[in-house]
1. If one takes the longest principal axis of the Cα atoms in the chain, at what angle in degrees, from 0 to 90 and to the nearest 10, does the Cα axis of helix 180-201 lie?
2. Suppose only helical runs count, i.e. DSSP H with n ≥ 4. What mean residue ellipticity at 222 nm does that imply for the chain under -39500 (n - 2.57) per run, divided by all residues and rounded to the nearest 500 deg cm²/dmol?
3. For the stretch 111-123, take each phi angle, set θ = phi - 60°, evaluate the Karplus expression 6.51 cos²θ - 1.76 cosθ + 1.60, and give the result in whole Hz per residue in order, putting x for glycine and proline.
4. Which residues' amide hydrogens lie under 5 Å from the amide hydrogen of GLY256, considering only partners 5 or more residues apart or on another chain, with H built in the peptide plane?
5. Return the sequence-ordered ³J(HN,Hα) values of the stretch 82-93 in whole Hz as given by the Karplus equation 6.51 cos²θ - 1.76 cosθ + 1.60 applied to θ = phi - 60°, using x for Gly and Pro.
6. Taking the DSSP beta bridges in the chain as the whole, what percent of them are antiparallel, to the nearest 5?
7. Arrange THR208, THR341, THR284 by Cβ neighbour counts within 10 Å, fewest through most, would you?
8. In debye, nearest 20, what is the charge dipole magnitude of the stretch 248-335 about its Cα centre with +1 on Lys and Arg Cβ and -1 on Asp and Glu Cβ, if you could check?
Amino acid sequence: MMTVPGASEAAIDADAFAPLAGVRIVDFSTNMAGPYATMILAQLGAEVVKVESPAGDDARAWPPEVDGAGVVHRHMNAGKRGVVLDLATSAGRAAALAIAARSDVLLQSMRPGVAERIGIGEAAVRAVNPDILYYALSAFGAGPVGRDLPGYDPLVQAFAGIMRMNGHDDAPPVRCAPSVIDLGTGQWIAMGVLAAMLAKQRGQTVRTMETALVDTAFSLVAYQATTARMTGKRPKRSGSGNPIAAPYEVYAARDGDVMIAAPNQRLWERVACVLGLEALITDTRFLTVADRSRNNDALTAAIAAALAGADVAVWVERLHAAGVPVTPVAGLEEAVLAEATAERATFADLDGIPHVRLPWIADGKPVPWARRAPHLGEHTAEVLRECGVDPAVAVVPAFEVAR
């Protein structure tokens, strides 16, 4: 079983996987999508300076909180240094530009037009740093239609048709519980920055990049969106299943639920044999995967009747022995304690909290956390001095910061 190296700030592995070492990113994004992107890049070795207002990122207050800071914030901002600036003041804007002048990448998630209005738009930033990669994150882009549309994850899920694809026909629209739009957008931004850095190494300069939450939403439903565009029809809701395969969903056993994935003929015949439903193999309703998908209600009823005769553990054992992909349907509180989760060293301690590590194993070892998320304004004086700015001038009055 692999072990995760200690993740305290005092014990950073000198041989850590850090391909972005030497790259500085100044991060003006808030909430989740942008911070997730720069957290990923920090874990790859980039120096990320997170700039917050005196009130702090909204995510600091999202429950549950540990020692006054939300777990979401602690995760999304691990590995960064924290600076507080009041961008409503000329001194704050000057300090922001001083940091940008010494950075390779700037990320901002303000509504289109706001960054320009407060003095950190692309033109102002490029005036002090012509070579910077200026990355804008928005909800629906900066066009005349999208610029004023609101941009929270569930709103974009609703807009893009995702909510009406989820759940069952007799239920209201359902949101994907994880923040898939925000997290997916963060991953796209991180990949965009990596691609721009690689392009720069190869002599191709990329000056600006843009990603919108709605771009991510449609990327997640790409083939369904193409079908809807061509046919004008809404995708059929299929609960836990998939409209292109059956049996391929959650079924109820005697004491709980089990997920069975048998999307091809070979696997379906194995399921039928294990459940005592051999007669269905030659039933004209279920001869092919297309037949089974069209007649899934009848198929589900037959499978559910068979599964009701034994407990989940019994069926999982029998189906697994037959080579059928199957798993109990776990609660998250069970999944985090599973043997497979422990084997993957999924959790790494950071500042006394078990955080889910990022999905990389480099040379046989998980990539360790670089540092905990910063306290509000923790590194303000340190970063400003590095950038030639007097903290006493740039920091908002009455805001206490380590000198």
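Values in this text are rule-based calculations from the coordinates and carry no lab data. Every value quoted in this text rests on a predicted model; they were computed, and no experiment measured them. Heads up, the Cβs are rebuilt from the backbone with ideal geometry, glycines too, and the neighbour counts pull from every protein chain shown.
1. Approximately 60 degrees, to the nearest 10.
2. The helix-only estimate for the chain comes to -10000 deg cm²/dmol at 222 nm.
3. So the J values, rounded to whole Hz, are 4, x, x, 5, 4, 5, 5, 9, x, 10, x, 4, 4.
4. VAL312
5. Per residue, the Karplus-derived 3J(HN,Hα) values read x, 10, 10, 9, 9, 6, 7, 10, 5, 5, x, 5 Hz.
6. The antiparallel fraction comes to roughly 45 percent.
7. On the way: THR208 12, THR341 15, THR284 8.
Fewest-to-most ranking of THR208, THR341, THR284: THR284, THR208, THR341.
8. I would put it at about 360 debye.
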